[in-house]
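Presented below is the structure to which this report refers.
FYI, it's all coordinate maths here, none of it is from the lab. Quick caveat, the model's predicted, so the values are computed rather than measured. Every residue, glycine among them, receives a Cβ derived from its backbone with ideal geometry; neighbour counts consider all protein chains shown.
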Amino acid sequence: SDKWEIHPDEVKLSVELGSGQFGLVWKGSWQDMEVAVKTVREGFMSEEEFKEEAQVMMKLSHNRLVQLYGVVTQRSPIYLVFEFMENGCLTEFLRAKKGKLSQKALLEMCLDVSEGMAYLESSNFIHRDLAARNCLVSENSVVKIADFGMTRFVLDDQYTSSHGSKFPVRWSSPEVIKFGKYSSKSDVWSFGVFMWEVYSEGRTPYDNRSNSEVVETLNAGHRLLKPRLCPQSVYELMQWSWKEKPEDRPSFALLLHELACLDQEP
Ligand SMILES: Cn1cc(-c2ccnc(-n3ncc4cc(C(C)(C)C)cc(F)c4c3=O)c2CO)cc(Nc2ccncn2)c1=O
């Protein structure tokens, strides 16, 4: 529907924010709002497929998801116009703020993302690549989920194949690594690793091991250890999220409830 169609002349680009997965991302303005504008490079995403999918992504609206405002498709390359997140990628934010984030701030980052993921879970939408690098930080330090569901448009098989060099093995559940079986419960596994990243202030999970060593250690039943800053109560939620069988893991609705209870404690 052309409801989401944005006229090219309404979007003003200013500075480049970085080169994303599919092309360049610019800071810009639209209707007096700051926006992030993604240009889609030929060959990096199937444009036709994306236009249909854009309708789905725009129906997913929640305060903890980075909002897609609309698309410019009247000429190529197409533009995707997103809500602007002032403080950029969460991994870099955590590393820049190392040693300066309170326990409350760390817990609330996990709570923010569990809220967004509980909404995706209730909408039967699977993220497929939940990780701190794919979350963004707003001007007032709220963490939101970005690029949900976009993995299906990546044409680079180094990323999509579980043997590929760019496959997110460290965030993937055993059934995803072995069988490519994605579900909200495999997103829950990734969320456990996300919480580990937050309490490790942006460190890389299993950072001294290769992808194949990570797969071996998981198969041997080993899991990431409790980060120094992480309370035992939160570490128990991580361990629960890393149960071998998907059905033994909590739902996001339950994780949200548990994290909200911990957030109420003095
Ligand atoms: C909305 N938005 C997007 C970005 C931004 C910039 C560059 N690359 C990306 N990324 N990053 C990661 C990414 C990942 C994927 C997977 C399919 C899940 C693999 C698909 C993407 F399309 C992207 C993308 O576009 C983003 C994330 O979409 C940065 C913002 N903000 C700032 C602010 C300050 N400094 C830097 N960025 C911002 O507000």
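Given in Å, the Rg to one decimal and the Dmax to the nearest whole number for the Cα atoms of region 201-266 are 13.8, 42. Rounded to the nearest whole angstrom, the semi-axes of the ellipsoid equivalent to region 160-235, taken from the Cα gyration tensor as √(5λ), stand at 21, 14, 11, largest first. For the peptides 93-100, 238-245, residues were scored by their other Cβ atoms within 10 Å and the scores averaged per peptide; the highest-first order is 238-245, 93-100. Sparsely packed loop sites in region 52-107 (the GluC sites (Glu not before Pro) outside DSSP H, G, I, E and B with at most 13 other Cβ atoms within 10 Å) comprise 86. Label region 29-99 by shape, choosing from rounded, prolate and oblate, from the square roots a ≥ b ≥ c of the eigenvalues of the Cα gyration tensor; if a/c is under 1.5 it is rounded, and otherwise prolate applies when a/b is larger than b/c, oblate when it is not. The shape class here is prolate.
Counting neighbouring beta carbons within 10 Å and listing from fewest to most, the residues 32, 187, 147, 248 come out as 32, 248, 147, 187.
Hey, what does the equivalent ellipsoid look like for the chain, semi-axes from the Cα gyration tensor as sqrt of 5 times each eigenvalue, largest first, whole Å?
On the way: eigenvalues 192, 92, 58 Å².
Largest first, the chain gives 31, 21, 17 Å.
Helix by helix, which DSSP H runs in the chain go 24 Å or more along their axis at the Cα atoms and have an average Kyte-Doolittle hydropathy of 0.0 or more?
Going by DSSP H runs, the hits are 103-122.
Annotation: the residues 177, 145, sorted from fewest to most other C-beta atoms within 10 Å of their own C-beta, follow the order 177, 145.
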